[in-house]
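Undergrad: Attaching a single structure in structure tokens format; questions to follow.
The numbers here are math on the coordinates, done by the rules we state, and not lab data. Since the model is a prediction, treat every value here as computed from it, not as a measurement. Positions of Cβ are generated from backbone atoms using ideal geometry, with glycine treated the same way; all protein chains shown enter the neighbour counts.
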Amino acid sequence: MTLSYSLTATDGAARAGTLHTAHGEVQTPVFMPVGTAGTVKGMTADAVRSTGARIVLGNTYHLMLRPGAERVARLGGLHRMMDWQGPILTDSGGFQVMSLSALRKMDKDGVTFQSHIDGSKHRLTPERSIEIQHLLDADITMSFDECTPHPATHEVAAKSMRLSMAWAERGRRAFVPREGYGLFGIVQGSTYADLRAESVKALTDIGFEGYAVGGLAVGEGQEAMFATLDVTTPLMPQDKPRYLMGVGTPDDIIGAVARGIDMFDCVIPTRSGRMGRAYTSQGVLNMRNARHCDDGSALDPACDCPACTRHSRAYIHHLIKSQEMLGPILLTWHNIRYYQQLMARLRAAILAGRFAEEAAAIRAGWSTPA
């Protein structure tokens, strides 16, 4: 049996369920820390586990360039290399195809591009993307797609989406089914409701173990993102996991869970940690600010991570200002823990039938004076 999903409870459109994979079960809604190159930056695997994270994300494009998918396979797969016994989802490389547009040439068969590392030339097709993810031993493989840039005309978005659907069908044929492993199709269509509907139908006709919503959080703004989810998620299969790619802030996540999304990933908590920003129950804190220099209080009184239980805001401010590597490490640790606590609160609220009240309480806390 391939990867599966069981829906436990709903509260409005919000859903709580369990994802069953070859490397363990994952309760949803879930946030996946981003480990692009086989590591969550600044964190050991034990540290990531301590935050409550049960699934992480890797990236096809970056790992194929360095250290190479075949090398990862020879060394026992990505789980063994990064000491992660839990499930791994790998992004197909489609987003990098969009973001590195100056270095690539795309045709209907795939993409030829130059490495951003050394300029070497590479070819990525739907079949090769699936093969790389197989070599990495990803529990969840993502279809190779073109992430449509924003803004895009209806004509451009339609052409891009239909190319992605053709690639999805090719990827489905290339995927090797195994016990506990699965392939997700990616819904495209920019912010156009008719194209999103066409994309969902094309993917469900092909058939996947899960379905992702791609092409959002690329500059369209939260209102347009939520409007797109409003017309997309009701069309998606109820008995399959739904993954919103590359999202987002805590407020984005709450809004997307309210619209039926189960899975999330984003670089925000890790990147923000490296930049000195902390997501807390009382809102976002910039730890570079001088107002923290004499503050002996905890970073977040509601958090149980090492940054909050063992250190003061003043110490973390000192680390950040002194450019000591421990500062970004502690803030990254905290931010991932905060995101995991957020997901646990949302899941518990769905199970209790009080999602709207909990979402309102979380948002209200962000305006609490620190």
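Undergrad: Mind checking which pairs have a first residue in segment 107-128 that is basic (Lys, Arg) and a second that is surrounded by 16 or more Cβ atoms within 10 Å (Cβ to Cβ) and part of a loop (DSSP other than H, G, I, E, B), Cβ under 7 Å, 6 or more apart or different chains?
TA: Correct list of pairs: Arg123/Gly110.
Undergrad: Find the helices (runs of 4 or more DSSP H) located wholly in segment 1-80 whose residues include 1 or more that are surrounded by fewer than 16 Cβ atoms within 10 Å (Cβ to Cβ) and touching a residue at least 60 places away in the same chain (Cβ under 8 Å), and list them. Explain how you work it out, then say what you get.
TA: Values: elements: 45-50, 60-65, 69-74.
Per the criteria, 69-74.
Undergrad: Please work out which one of (1) of a type outside the set (Lys, Arg); (2) under 25 Å from the mean Cα position of the chain (by Cα); (3) buried (at least 23 other Cβ atoms within 10 Å of the Cβ) is the condition Cys303 fails and give its number.
TA: (3)
Undergrad: How many residues, within segment 266-306, are charged (D, E, K, R), in a loop (DSSP other than H, G, I, E, B) and in contact (Cβ under 8 Å) with a residue 40 or more places away in the chain? Don't jump to the end; show me each part of the working.
TA: Step one: list which residues in segment 266-306 are charged (D, E, K, R), which gives 271, 274, 277, 288, 291, 294-295, 300, 304.
Filter once more, keeping what is in a loop (DSSP other than H, G, I, E, B): 288, 294-295, 300, 304.
From what is left, the residues that are in contact (Cβ under 8 Å) with a residue 40 or more places away in the chain are none.
So the count comes out to 0.
Undergrad: Under the condition of being out of contact with any strand residue (DSSP E or B) (no Cβ under 8 Å at 6 or more places or on another chain) and not polar (S, T, N, Q), which residue from segment 83-105 is farthest from Ile55 (Cα to Cα)?
TA: In this case the residue turns out to be Ala102.
Undergrad: Let me ask you something else. Within segment 25-56, count every residue that is farther than 20 Å from Ala348 by Cβ and of a type outside the set (Ser, Thr, Tyr).
TA: Residues meeting the conditions: 15.
Undergrad: So is Val257 among the β-branched types (Val, Ile, Thr), touching a Pro at 6+ places or on another chain (Cβ under 7 Å) and either in contact (Cβ under 8 Å) with a residue 24 or more places away in the chain or surrounded by 16 or more Cβ atoms within 10 Å (Cβ to Cβ) (or both) or not? Show your work before the answer.
TA: Values: among the β-branched types (Val, Ile, Thr): yes; touching a Pro at 6+ places or on another chain (Cβ under 7 Å): yes; either in contact (Cβ under 8 Å) with a residue 24 or more places away in the chain or surrounded by 16 or more Cβ atoms within 10 Å (Cβ to Cβ) (or both): yes.
When the stated conditions are applied, Val257 passes them.
Undergrad: Quick check on my filter: what residues within segment 348-370 are hydrophobic (A, V, I, L, M, F, W, C) and farther than 16 Å from Gly283 by Cβ? Quick ask: steps written out before the conclusion?
TA: Keep residues of segment 348-370 that are hydrophobic (A, V, I, L, M, F, W, C), which gives 348-352, 355-356, 359-362, 364, 366, 370.
Within segment 348-370, Ala348, Ala349, Ile350, Leu351, Ala352, Phe355, Ala356 meet the criteria.
Undergrad: Is one or more of the residues making up segment 307-330 in a helix (DSSP H, G or I), closer than 26 Å to Asp262 by Cα and of a type in the set (Ser, Thr, Tyr)?
TA: no
Okay, residues lined up against (1) basic (Lys, Arg); (2) outside any strand (DSSP E or B):
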| site | (1), (2) |
| --- | --- |
| Lys240 | yes, yes |
| Ile254 | no, yes |
| Arg259 | yes, yes |
| Phe264 | no, no |
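Undergrad: Can I ask one more? Write out, first by first residue and then by second, each pair whose Cβ atoms fall under 6 Å of each other, whose residues are 6+ apart or on separate chains, and whose first residue, in segment 343-370, is closer than 16 Å to Phe31 by Cβ while the second is loosely packed, with under 14 Cβ neighbours inside 10 Å.
TA: So the pair list comes out empty.
Undergrad: Name the residues in segment 204-218 that are in contact (Cβ under 8 Å) with a residue 24 or more places away in the chain and more than 22 Å from His150 (Cα to Cα), would you?
TA: Selection gives Thr204, Ile206, Gly207, Phe208, Glu209, Gly210.
Undergrad: Out of all the residues in segment 335-370, which are within 20 Å of Asp252 (Cα to Cα) and in contact with a strand residue (DSSP E or B) (Cβ under 6 Å, 6 or more places away or on another chain)?
TA: Scanning segment 335-370 gives Asn335, Tyr338, Tyr339, Met343, Arg347, Ile350, Phe355, Trp366.
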